[in-house]
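Asks: Below are the structure tokens for one structure; questions will follow.
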Amino acid sequence: SQTLDLTTLLDPSGAALGPALAGQFTAVHIFVASNTDRNPAATGYTVFIDTYANSTTDMMLCAGYKFQPGTPDTSITITGSTSSGSALVAIATVWDNVDPTTPLDGVAAVNASSATTALPNPASITPTTTDAVFLFGAGNASTVGTSTISQSYMDWSVADSRDASFDVSGLVGYKAGAVASTPYDGAALTWSGTDSTTYSSASTVIVLKP
């Protein structure tokens, strides 16, 4: 297993915030590239996507959420089979003021994957609550080395990449200002690498209810 630290969080500008606090909503997105399903997971998190795009270069995306307990977690434990040729990126986001009863706005996550392109294309989602927040996760698997997924329509995003025999890139971002019962469909994301039908990708969108 591996661990993702929750004691040195950053705000969207990059300023230090300190650790996760009791009651905060925490989402974790795990992106893995390999040649078989490595079954990544986050211990103790409610899963909203667990997908495997089976290609020459395979993409796995697992994401989940939890509310921090009275004694907050200091890290997230990430499990799954390992391989020296596989690459992994994990990104956690921590949120205040998410509804504790219906955190995902009563809307199931919308997930998409492809075994023939490295360009993730998040699916359309329809929120229930005005001023809810869309939370996106998108990644790809390739053999180009480190690379960057980017976007032009979110209010904030962060991207990371790791280089191994199979290379992974991941992005997590959000867009505020949902309008109740109005679908939102973000565009396909862009990527610094050169696409190939032997690459794969996956994405997920959830709605966070304030």
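The values are calculated or read from the model by the stated rules, or taken from the named source; none is laboratory data. None of the values given here were measured: they were computed from a predicted structure. So basically every Cβ, Gly included, is an ideal-geometry build from the backbone, and we count neighbours across all protein chains shown. We work out accessible area using only protein heavy atoms, side chains counted, and drop any ligands, DNA or RNA first. Shrake-Rupley method; radii C 1.70, N 1.55, O 1.52, S 1.80 Å.
Asks: Taking all protein chains in place and a 1.4 Å probe, what share, in percent, of the accessible surface of the chain do carbon and sulfur account for?
Replies: Values: 4340 of 8860 Å².
Exposed carbon and sulfur together represent 49 percent of the surface.
Asks: Another question, if that's okay. Nearest 20 debye, what's the magnitude of the dipole of the chain about its Cα centre given +1 on Lys and Arg Cβ and -1 on Asp and Glu Cβ? It would help to have the intermediate numbers written out before the result.
Replies: Values: 5 positive and 16 negative charges, 30 e Å.
Charge dipole, the chain, about its Cα centre: 140 debye, nearest 20.
Asks: So, for the chain, what is the accessible surface per residue at a probe of 1.4 Å, expressed in square angstrom?
Replies: 42
Asks: State, to one decimal in nm², a quarter of the convex hull surface area for the C-alpha atoms of region 25-84, i.e. the direction-averaged projected area. Can you show the working numbers first?
Replies: On the way: hull surface 17.0 nm².
The orientation-averaged projected area of the Cα hull of region 25-84 comes to 4.2 nm².
Asks: At what distance in nm do the modelled label points of ALA16 and SER181 sit from each other, each positioned 7 Å from its Cα along Cα→Cβ?
Replies: Taking the simple label geometry, ALA16 and SER181 are separated by 4.9 nm.
Asks: Another question, then. In the calculated pair distance distribution of the chain, what percentage of Cα-Cα distances lie above 20 Å? The partial results should precede the final answer.
Replies: Numbers: 11831 of 21945 pairs.
The answer is 54 percent, as a whole percent.
Asks: Looking at the calculated P(r) for region 37-120, what percent of the C-alpha pair distances fall above 17 Å?
Replies: Tail fraction, whole percent: 57.
Asks: Suppose each label sits 7 Å from its Cα in the direction of the beta carbon; what would the THR3-VAL47 distance come out to in nanometres?
Replies: 2.4
Asks: Here's a follow-up. Please check: in the Gaussian network model of the chain (C-alpha springs, under 10 Å), which one of SER83, SER157, SER169 has the largest mean-square fluctuation.
Replies: SER83
Asks: At 0.36 nm per residue, and after removing the present C-alpha to C-alpha distance, how many nm does the segment from ALA123 to ALA108 gain when stretched out fully?
Replies: 4.2 nm
Asks: A further question on this structure: Starting from the 7 Å offset along Cα-to-Cβ, what nm value, one decimal, do you get for the label separation of TYR153 and SER75?
Replies: The two pseudo-label positions are separated by 3.8 nm.
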